[in-house]
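Written below as structure tokens is the structure these notes are about.
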Amino acid sequence: MNEHDSEIMAGMLIEEGFQQVESRKEADIVIINTCSIRDNADKRFFGTLGQLKRRKKENPEFTVCVCGCMMQQQHVIDTIKAKYPWVDVIFGTHNIHRLPELLANIVAEKGKQLDVWPEGGEIVEGLPCERLHKSKALVNIMFGCNNFCTYCIVPYTRGRERSRRPDDILGEVKNLVADGVKEIMLLGQNVNSYKGIKTDSADEICDFADLIYMLNEVEGLERIRFMTSHPKDLSDKLIQAFVDCDKLCKNIHLPVQSGSSRILKAMNRRYDKEKYLELVKNLKAAVPGITMSTDIIVGFPGETEEDFEETLDLVRQVRYDSAFTFLYSIRKGTPAEKYENQVPEEIKHERFNRLVDLVNSISAEKNAAYAGRTEKVLVEGPSKTNSKTYSGRTDGFKLVNFPGNESMVGCMVDVRITEGKTFSLEGEVL
């Protein structure tokens, strides 16, 4: 979601006549778009900001903007004002559409700009976007979150849930397809709770599964993906959409966070281990071969060795294709911040290593089984380390590397898999 916000900001500035540059050293304007999910990101932000101080001192015209989720927290704004007073623009997640105006105000000598809204207003449609990929696009379908998991800062930084109208989403997707897009990723903090009001019938609600069926009919679109999905709202209707909609990729990111029902309750996730495993069973029965990824937090306050073993057991049962694993970090302003039974760092790290070893071993085993198969791959571009090696994703979101050339970018090609590695597949174009 932050990546897409950055695409929109780039699009707005290019429309205003600015040009993107390769390195920070060449820039007249630098925008740091922040995320508050983990403590490590916060530390990196302040480290990066500190590195810009000399540039600002040498050239007062050099403009520094900071935005994103961190700016929705008052203690962060207070820190920037006190320790980094040379920052020119501070704005939040709800008003990125005002960036050109805020920059214009600086040029007009109206001084530094602080423009953070505590809550989101009307959804602004039709903003320009500078996409990272010609053939793939990120599409916001909703903003905010109503779940209030006890560890998570997102509802406080992104606000309450607000869904776009389905007709606006459909119009955007059709325009993207006309511009060469073959694959879309629908974005929301919890796409499963999407509820859009139809333009031609204010009384009729379009839920997430309805939206999938609608987009599946768009001519020229080849793939539909989405993230992220909350287990408590994963409906039978959405599972059926995987069966009925040929363009919906047979892949799902379904964050579990923990395998312990006791910890899940403390997290306010509103499902237990048994319910989650039932969803996985239903998905695999309806969609044989569906690939699955997840998020797992290690060391949530009060997590015992027995709780952690429940997580390992769940991973063994589900057999994820990949997992994003995190060490729990205290987020100021969340309920879990005040929990007294914090897990010692050395225990968190030891458990984290065991979990990663298990996830990676399963992933390597599952990827090895791809050897000899032929997979359709949407080519994204050349490798950063080898210009003759190109990469792309399968329907199941597996990363595939293969010898290729520039003419393949944006095309769907058949690749015979020659080797399955822990994090990717190797292949050759047929």
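Nothing in this text is a laboratory measurement; each read-out follows from the coordinates by a stated rule. Please read all numbers here as calculations on a predicted model, not as lab measurements. Positions of Cβ are backbone-derived with ideal geometry, glycine not excepted, and every protein chain shown enters the neighbour counts.
The label-point distance for K388 and K110, in a model that sets each label 7 Å from Cα toward Cβ, rounds to 5.6 nm. What percent do you get for the relative contact order of segment 200-359 when only Cα pairs under 8 Å and 6+ apart count? RCO, segment 200-359: 20 percent. Exceedance of the 28 Å cut-off in Cα-Cα distance is limited, within the set K110/K134; K43/K265; K198/K376; K182/K384, to K110/K134; K43/K265; K198/K376.
In this structure, the amide hydrogen of I32, modeled 1.01 Å from its nitrogen in the peptide plane, lies closer than 5 angstrom to those of C65, V66, C67, counting only residues at least 5 positions away or on a different chain. In this simple spin-label model, placing a label point 7 Å from the Cα along the Cα-to-Cβ direction at both Q20 and K57 gives a separation of 3.2 nm. Summing +1 for each Lys or Arg and -1 for each Asp or Glu among the other residues whose beta-carbon sits under 13 angstrom from that of E426 gives +1. Cysteines in the chain lacking any other cysteine Cβ under 4.7 Å from their own Cβ: C35, C65, C67, C69, C129, C145, C206, C245, C249, C411. Take every DSSP beta bridge with both residues inside the chain and express the antiparallel ones as a percent of the total, to the nearest 5. If I count the DSSP bridges inside the chain, around 40 percent turn out antiparallel. Put simply, the amide H of N401, placed in the peptide plane, has neighbours under 5 Å in L425, E426, G427, leaving out anything fewer than 5 places away on its chain.
Taking the Cα centre of the chain as origin and charging only Cβ (+1 Lys, Arg; -1 Asp, Glu), how large is the dipole, in debye to the nearest 20?
Dipole magnitude for the chain comes out near 880 debye.
Calculate the length of the line joining the C-alpha centroid of segment 361-412 to that of segment 97-130, in whole Å. Answer, in whole Å: 39. 3J(HN,Hα) along segment 113-128: 10, 10, 9, 10, 9, x, 9, x, x, 5, 6, 8, 9, x, 6, x Hz, from the Karplus curve 6.51 cos²θ - 1.76 cosθ + 1.60 with θ = phi - 60°, whole Hz, x for Gly and Pro. Summing Cβ point charges (Lys, Arg +1; Asp, Glu -1) relative to the Cα centre of segment 34-75 gives a dipole of roughly 180 debye.
When peptides 28-37, 48-57, 295-304 are ranked by their average number of other Cβ atoms within 10 Å per residue, the highest-first order is 295-304, 28-37, 48-57. Comparing Q51, V87, M12 along the charge dipole axis of segment 1-122, the residue lying farthest to the positive side is Q51, per the Cβ-charge model.
Computed about its Cα centre, the charge dipole of segment 186-297 is approximately 780 debye, with only Lys, Arg, Asp and Glu carrying charge at their Cβ. Normalised by the residues of the chain, what does the relative contact order come to in percent, with Cα pairs under 8 Å and at least six apart? Here the relative contact order equals 10 percent.
Sequentially through segment 19-36, phi angles give Karplus couplings (6.51, -1.76, 1.60; θ = phi - 60°) of 10, 6, 10, 6, 10, 4, 5, 7, 7, 8, 10, 10, 10, 9, 9, 9, 10, 10 Hz, Gly and Pro residues having no value and appearing as x. Full extension of the chain between K43 and D28 yields a length gain of 3.0 nm, computed as 0.36 nm times the residue separation minus the alpha carbon distance.
Residue by residue, segment 47-60 carries 3J(HN,Hα) couplings of x, 5, 4, x, 5, 7, 4, 5, 4, 5, 5, 6, 9, x Hz when phi is fed to the Karplus relation 6.51 cos²θ - 1.76 cosθ + 1.60 (θ = phi - 60°); x denotes Gly or Pro. Structural size metrics of the chain, computed from C-alpha coordinates, are Rg and Dmax of 22.5, 64 Å.
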